[in-house]
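Visitor: For reference, the structure I am asking about is given below.
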Amino acid sequence: MAADYTYEPAEIEPRWQRVWADEGTWEVVNDTSDGRPTSYVLEMLPYPSGEPHIGHLKVYSVGDAVAHFHRRTGRRVLHPMGYDAFGLPAENHAIKTGQHPRDSTDAAIKEFQRQFRRWGVSIDWTREFGTHEPRVYRWTQWIFLELFKRGLAYQKEAAVNWDPVEETVLANEQVVDGRGERSGALVEVRQLTQWFFRITDYADRLLADLDTIRWPEHVKTMQRNWIGRSEGAEVVFRNEDLGVDYPVFTTRPDTLFGATFFVMAPEHPDVLRLAAGTEHEAAVREYVNRTLTVDKALRGDVDKEKTGVPLGRTVTNPVNGEQLPMYVADYVLMEYGTGAIMAVPAHDERDFAFAQAYGLPVRRVIEGPDDELPYGGDGPLVNSAPEFDGLHNRDALEAIVRWLDREGKGHSSVNYRLRDWLISRQRYWGTPIPIIHCPRCGAVPVPYEDLPVVLPDVEDYKPRGRSPLAAAEDWVHTTCPQCGGPAERETDTMDTFVDSSWYFLRYCDADNDAAAWDPAAVAEWMPVNQYIGGVEHAILHLLYARFFTKALADLGDLPDGLQEPFAALFTQGMILRDGEKMSKNRGNVVSPMTIVELYGADTARAYILFIGPPDQDADWSDTGAEGMHRFLARLWRLSAEAADELPDHPVPDELGSDDERLLRKAHWAIDKVTTDMTERFNFNTAIAAVMELLNEVTPVKRGAASPGAVRFVLGTAASLLFPFAPHVATDAYHLLTGERVWEQPWPSADPEYLEAPTFELVLQVNGKVRDRVQAPSDASRDELVALARESDRVQQFIDGNEVVKEVVVPGKLVNVVVRAAA
């Protein structure tokens, strides 16, 4: 009876997964005495909702390939897993169904565990945790207190973005086109007391240290632009009605004498206070709310029609004492400077357009080549002050700043677009802020020994204008740790970005009950050698994690020298369907488990890496997945047949021509895949190289190759494919060698076999291929031309024509250019 060589992933994959689970193959212990280098490979913490999607499959296929390669190149690899478990989806589900967010989150985590294990991802499951576990958020609260005691966590009243549907505060980054990014509701401005982290103290270091990390340049640029450093002067304009000073940052103090009005951003915390009690109060409030529906990039566009509302107040220009009318206008953004500007319409396009629209004066203070305004160029100052008139405006810049400093009306300044991180959320499903409010003592930190402040159970998860925690009165009412008097707990919870800003540190020492981490464990593994995730996190998550690392290092909580959390970053592209982003609404979602159940996990993993360069978007194809399945089936079938039918002999010392051809191809593939894994993440071309190698060893093409050479090539193909399709590669390699491929070192290419004695020379006539011949690798130009001339097929097109020239591309082709004879 003939042997059955049918590839059965449903049998092969669970069998090897049991081995890995039973033996704890991917577990790694902290051991600073181990002399091997370490590698920390980490995918961005997933949010557990429902079941994993195709994006999860891609990012973990990328990460697992890197982890496997690093293990087999001699490194101890930490490849952990956890869950960003707090957040709005679970809470919104609880509001709709009454199911506790913990229950739906835990159910989702179980599904993630099931599928990730079914995919065969090489996770160290002993370090797994969810950020919603009290044993974990205890340390999130500890970090808050560490920042609080150093003044890096503080509370202040601020104008905030209020989502009326979610009934919570949104960070600026969570407002898209004036709407809540999740609810889609028009956002309103409210004044609330909020908690902030002082990330702005780290702006310069966050900028400078971008040069020390291996990140995609476009991600670094996004962070630089978000931090937005600029040099200029801070000038104080005073509103006498309220007795309030309003600082303005400007890069053009040379134009101060040209200011004719004063404009504040709609988000400025004082806008509503300034308008209160004036005839403009209602109009200002309506304008502010309406403006938030407009995309900020559009608001600042030079060509957009300028709109605004007077505030009914004035400020004093400190350089000449003039009273400037105050406006709120959409073209001024809170993210720049102080959220207020001195408007100089003669020398700024947007100010000029606003002045024209509202009939405001225009005063020129820099001479130009003609009378056209606005003028943005350089020249001598006019209409300023006697001591400055006539000075070139670039020289006047420094002179005016010195005068402001001398008079106490301003000073040179560096400004950042970056704002302190608003972390307060009026939601239930998040980490409680460990602060107690005492009427006598103020905001008092919860003692470290009383952590964690455990999230209480509540009956109603809907915010209703305040945090749902406020309804848990038995929990809220407590005693002050300082004076022992009656007090109340803080009822806001933390932004979930807080959890994801330090979780990677906990993986280094996940079972530590006495501390967030042992510094020795952190020193052993950090920084993360390869971080992998979506570019949509380029600003918020990555910036916040960098801030936490620097702040905790300054506090002495991290080892000396650790300043950056992620040494290298890879951002993967999206998987599309028919050119569109996958979405349930479009009905074009590809379920990873559907592919796994149909073809096996290896097909799903290998195809998602083969589909295109992993840093670019790629379009899913069902026929492409079928093709990958056929390739894996052929690898397994050829390996099983060879194991049964070919004697287990080594590669012979005396090589036949087919042996040499196969060995050269094998070492070419080793070199290609190794290069693609080390110098760039070109997994698609690495897999293509293994396909090309396998094609050479099929019975039709292997020729008279010895059994040893055939088995070597098949074993090499399986070994190289292991990072991308670990189950089938493991099984094929084991059938051929009896060894476990993951315990074998990564193959190395023999330089001798990379230097082929001959190469295929393409012969062209007038750019069209007419023949292909083998040429010596060291052939000279004249010898290559002679080979072309000797070809009968080339001669057919040369005879009777005049040879104009011969174009030689060494190692590739000869092109004979001819024309008809006269």
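The values are calculated or read from the model by the stated rules, or taken from the named source; none is laboratory data. What you see is a predicted model; the values in this text were computed from it and never measured. Cβ atoms come from the backbone with ideal geometry, glycine included; neighbour counts cover every protein chain shown. Just so you know, the surface numbers come from the protein's heavy atoms only, side chains and all, with ligands and any DNA or RNA stripped out. Shrake-Rupley method; radii C 1.70, N 1.55, O 1.52, S 1.80 Å.
Visitor: Looking at ARG205, ARG214, ARG224, which is the one that is surrounded by fewer than 17 Cβ atoms within 10 Å (Cβ to Cβ), farther than 25 Å from VAL294 by Cα and touching a helix residue (DSSP H, G or I) at 6+ places or on another chain (Cβ under 8 Å)?
Guide: The match here is ARG205.
Visitor: Conditions: (1) buried (at least 17 other Cβ atoms within 10 Å of the Cβ); (2) closer than 30 Å to TYR461 by Cα. THR479 meets all but one. Number of the miss?
Guide: Single failed check for THR479: (1).
Visitor: Within segment 110-124, work out how many residues are within 18 Å of HIS727 (Cβ to Cβ) and either in contact with a Lys or Arg (Cβ under 8 Å, 6 or more places away or on another chain) or part of a loop (DSSP other than H, G, I, E, B) (or both).
Guide: Summing the residues that are within 18 Å of HIS727 (Cβ to Cβ) and either in contact with a Lys or Arg (Cβ under 8 Å, 6 or more places away or on another chain) or part of a loop (DSSP other than H, G, I, E, B) (or both) in segment 110-124 gives 5.
Visitor: Tell me, which helices (runs of 4 or more DSSP H) wholly within segment 6-109 include 3 or more residues that are under 27 Å from GLN744 (Cβ atoms) and not hydroxyl-bearing (Ser, Thr, Tyr)?
Guide: 9-23, 54-72
Visitor: Among the listed residues VAL263, VAL294, identify the single one that is open to solvent by less than 50 Å² (accessible area, probe 1.4 Å), among the aliphatic types (A, V, I, L, M) and part of a loop (DSSP other than H, G, I, E, B).
Guide: Answer to the check: VAL294.
Visitor: Select from segment 392-408 the residues that are open to solvent by 60 Å² or more (accessible area, probe 1.4 Å) and free of Cβ contacts under 8 Å to residues at least 40 places away in the same chain and list them in ascending order.
Guide: Residues satisfying the conditions are HIS392, ASP395, GLU398, ARG402, ASP405, ARG406, GLY408.
Visitor: Between a first residue in segment 149-163 that is at pLDDT below 95 and a second residue that is in a loop (DSSP other than H, G, I, E, B) and open to solvent by 10 Å² or more (accessible area, probe 1.4 Å), which pairs have beta carbons less than 6 Å apart while being 6 or more apart in sequence or on different chains?
Guide: Within 6 Å, the pairs are ALA158/PRO269; ALA159/GLU267; ALA159/PRO269; ASP163/SER183; ASP163/ALA185.
Visitor: Assuming ASP301 fulfils every condition listed in (1) at pLDDT below 90; (2) within 12 Å of MET264 (Cα to Cα); (3) not small (Gly, Ala, Ser) apart from one, which condition is it?
Guide: (2)
Visitor: May I ask you to say which residue of ASP460, ASP518 is open to solvent by 40 Å² or more (accessible area, probe 1.4 Å) and either modelled with pLDDT of 95 or more or within 30 Å of ASP209 (Cα to Cα) (or both)?
Guide: On the way: ASP460 fails: either modelled with pLDDT of 95 or more or within 30 Å of ASP209 (Cα to Cα) (or both).
The unique qualifying residue is ASP518.
Visitor: Would you tally the residues in segment 359-391 being in contact (Cβ under 8 Å) with a residue 60 or more places away in the chain, open to solvent by 20 Å² or more (accessible area, probe 1.4 Å) and not polar (S, T, N, Q)?
Guide: As a first pass, look at segment 359-391 and keep what is in contact (Cβ under 8 Å) with a residue 60 or more places away in the chain: 360-366, 381, 383-385, 388.
Now restrict to residues that are open to solvent by 20 Å² or more (accessible area, probe 1.4 Å): 360-364, 383-384.
Now drop any that are not not polar (S, T, N, Q), which leaves 360-364.
Qualifying residue count for the region: 5.
Visitor: Check off (1) touching a Lys or Arg at 6+ places or on another chain (Cβ under 7 Å); (2) assigned to a helix (DSSP H, G or I) for TYR331 and give me the number that stays unchecked.
Guide: In the conditions (1) touching a Lys or Arg at 6+ places or on another chain (Cβ under 7 Å); (2) assigned to a helix (DSSP H, G or I), TYR331 misses (2) alone.
Visitor: Follow-up. Out of segment 738-766, which residues are β-branched (Val, Ile, Thr) and open to solvent by less than 60 Å² (accessible area, probe 1.4 Å)?
Guide: Within segment 738-766, the subset β-branched (Val, Ile, Thr) is 741, 758, 762, 765.
Within segment 738-766, VAL741, VAL762, VAL765 qualify.
Visitor: If a residue has to be open to solvent by 10 Å² or more (accessible area, probe 1.4 Å) and not β-branched (Val, Ile, Thr) to count, how many in segment 525-540 make the cut?
Guide: The number of residues fulfilling the criteria is 7.
Visitor: Looking at segment 696-710, can you tell me whether even one residue there is open to solvent by 10 Å² or more (accessible area, probe 1.4 Å), at pLDDT below 95, in contact with a Phe, Trp or Tyr (Cβ under 7 Å, 6 or more places away or on another chain) and not in a helix (DSSP H, G or I)?
Guide: No, segment 696-710 contains no residue that is open to solvent by 10 Å² or more (accessible area, probe 1.4 Å), at pLDDT below 95, in contact with a Phe, Trp or Tyr (Cβ under 7 Å, 6 or more places away or on another chain) and not in a helix (DSSP H, G or I).
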